[in-house]
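The next block holds one structure in the form of structure tokens; read it before the comments.
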Amino acid sequence: MNIPNDTIVMIRIPSECLVDLLTDNQCVSVKNVNFRCEVPQCESSSPEYAAGGWTAWAYPESGGRCERLRSLGDTCTVDAFHVNETERCTSWVYENNNTIVQEFDLACEEWKRTLVGTIHSVGLFAALPLTSFVSDTFGRRTAFILTAVSAGVMGLIRSFSVNYVMYLVFEFLDATLGSGVYSTGFILALEMVGLNRRVLGGNLISCTFATGQVVLALVAWAVPDWRTLTRVLYAPSLLFVFYYFVIEESVRWLLSKNKKAEAARIIFKAANINKKKLSPESVKQLTQEPQEVVKQPKTGINREADENKKPSLFIAVVKSKILMSRLCICSFWWITVTFIYYGLSINSVALAGNSYVNYILTSLVEIPGYFISVMTLDRFGRKGSIMTAFIICGIALVSLPFIPSTLQWLLTSLTMLGKLCISMAFSSIYIYTSELFPTTARHSLLGVCSMFGRIGSIAAPQTPLLVCMFISF
């Protein structure tokens, strides 16, 4: 059974805008900017980043970002600064005022800048069990709308942050309450298409995510101020409250909850729109009332037997070797793929050239990866396609440290190849994981795998700090 295409498109919209700004908005808002030490006796009334020739005797040879030569007087002459002794800067001049680095004066505190991404990922970690519970208990549509609207509210509040701590708090709440919209929308859309279209449907959703990244970069290019950008991106998500009247609940979820009448209504509606005729057997199964069963008195023994028939999800997974092994393997895959994927996305703005163009390129290169995934998943199998993508990505990225810095085109090309392959792996793992678990627990177990994956996304924002440490050595 296939739900109409316009419904699937409506579900994919968050992949194009809301989900991307949840995961990658920090790449713009927390982007590093150039800065230098402020030297009061040498500055003009309105200090600018482009300083004069006095930097030759006011800054040490290592540069003037965090330290300056100790001042010996109030003038700005060569003799007014110590030759060898330095002192730590107390104020800075920034190249622009568009990010929180300047807004909250985070110069020379790189750990505070990278901590934003880690806090966001911790929020993603906390969001997964919450979203999974709501999705499996109250329905995919309910979870989808709640997370989308919550993201908009938290994001708008964050845009009015008055200090760094407030920004961090609402960054965490934003991720915790809103980030589940992608996994919920993914499962909702995937459960609306037939098995023969699952790979294509899953990769189309992933393509819209890449499209959203491009849109984010273009909007950020046009609206560089982080406060205005956040409001422009998050405000439309409040409109998702009207999706309750636009999209239907997942038929598979309804059937798993024995809500047969509602499921039948949606199926008949889909058949009518798609101009398909249901077979008599299908009509009978959808309209036939379940036979009444004579109920036995609920004795203590019977009650205990009924409870044993429905073990908790945790017990069911632990007792099943197949489910347990699948859960462990998928969790390891998720850790790896999220670390590489988000690491490449975050560091794309540090490549040579225009940071917005680089971000757009690393986003667009994902789309060929998704199309390759469509062609290979059914032809060569899920495991073979995923492992091949991992191997090629690993070779490309491990080669980067051995490439001379003068060959920027080769460095960029290998980075793009790595992003293409890891995007292919990410999309494939999402599809494969959702297929490995039963409907009644699909979102919960997918959420567990994604929770472990957040270990990788928590570590990924710290990679710029790691680069600084390596350079210092």
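The values are calculated or read from the model by the stated rules, or taken from the named source; none is laboratory data. Computed from a predicted model, the values in this text were never measured in an experiment. Here the Cβ is made from the backbone with ideal geometry for all residues, glycine too, and neighbour counts use every protein chain on show.
Output the number of residues of region 55-72 satisfying the condition of being not in a loop (DSSP other than H, G, I, E, B) and not polar (S, T, N, Q).
So in region 55-72, the residues not in a loop (DSSP other than H, G, I, E, B) come out as 55-58, 67-71.
From the residues that got through so far, the ones that are not polar (S, T, N, Q) too are 56-58, 67-70.
Of the residues in region 55-72, 7 are not in a loop (DSSP other than H, G, I, E, B) and not polar (S, T, N, Q).
Please enumerate the residues belonging to region 147-172 that are part of a helix (DSSP H, G or I), of a type in the set (A, V, I, L, M) and either under 21 Å from the mean Cα position of the chain (by Cα) or over 15 Å from His120 (Cα atoms) (or both).
Hits for region 147-172 are Ala148, Val149, Ala151, Val153, Met154, Leu156, Ile157, Leu168, Val169.
Of the conditions (1) at pLDDT 90 or above; (2) within 25 Å of Arg442 (Cα to Cα), Ala189 satisfies every one except a single condition; which number is it?
That leaves (1) as the condition not met.
Looking only at region 74-104, count every residue that is within 30 Å of Thr176 (Cβ to Cβ) and either touching a strand residue (DSSP E or B) at 6+ places or on another chain (Cβ under 8 Å) or assigned to a helix (DSSP H, G or I) (or both) and tell me the total. Lay out the reasoning, then the answer.
Residues of region 74-104 that are within 30 Å of Thr176 (Cβ to Cβ), as a first pass: 97-104.
With the extra rule that they be either touching a strand residue (DSSP E or B) at 6+ places or on another chain (Cβ under 8 Å) or assigned to a helix (DSSP H, G or I) (or both), the set shrinks to 100-103.
So the answer is 4.
Could you say which residue among Ala107, Ala51 is part of a loop (DSSP other than H, G, I, E, B), among the aliphatic types (A, V, I, L, M), under 30 Å from Tyr356 (Cα atoms) and outside the structural domain of Ser179 (by TED's automatic domain parsing)?
On inspection, the qualifying residue turns out to be Ala51.
Quick one: would you say Thr412 is in contact with a Gly (Cβ under 9 Å, 6 or more places away or on another chain) and either at pLDDT 90 or above or among the β-branched types (Val, Ile, Thr) (or both)? Before the answer, list the steps.
On the way: in contact with a Gly (Cβ under 9 Å, 6 or more places away or on another chain): yes; either at pLDDT 90 or above or among the β-branched types (Val, Ile, Thr) (or both): yes.
Yes: the conditions hold for Thr412.
Can you pull out every residue in region 50-104 that is free of Cβ contacts under 8 Å to residues at least 60 places away in the same chain, of a type in the set (Ser, Thr, Tyr) and touching a Phe, Trp or Tyr at 6+ places or on another chain (Cβ under 7 Å)? Before you say what the answer is, go through the steps one by one.
First, pick out the residues of region 50-104 that are free of Cβ contacts under 8 Å to residues at least 60 places away in the same chain: 50-93.
After this cut, where a residue has to be of a type in the set (Ser, Thr, Tyr) as well, the list is 55, 59, 62, 71, 75, 77, 86, 90-91.
If the condition is that a residue be free of Cβ contacts under 8 Å to residues at least 60 places away in the same chain, of a type in the set (Ser, Thr, Tyr) and touching a Phe, Trp or Tyr at 6+ places or on another chain (Cβ under 7 Å), then Ser71 is the only one that fits.
Would region 383-396 turn up any residue that is surrounded by fewer than 18 Cβ atoms within 10 Å (Cβ to Cβ), of a type in the set (Ser, Thr, Tyr) and touching a Leu at 6+ places or on another chain (Cβ under 8 Å)?
no
So if I check each of Leu446, Leu410, which one is buried (at least 20 other Cβ atoms within 10 Å of the Cβ), in a helix (DSSP H, G or I) and of a type in the set (A, V, I, L, M, F, W, C)?
Selected residue: Leu446, the only one of Leu446, Leu410 that is buried (at least 20 other Cβ atoms within 10 Å of the Cβ), in a helix (DSSP H, G or I) and of a type in the set (A, V, I, L, M, F, W, C).
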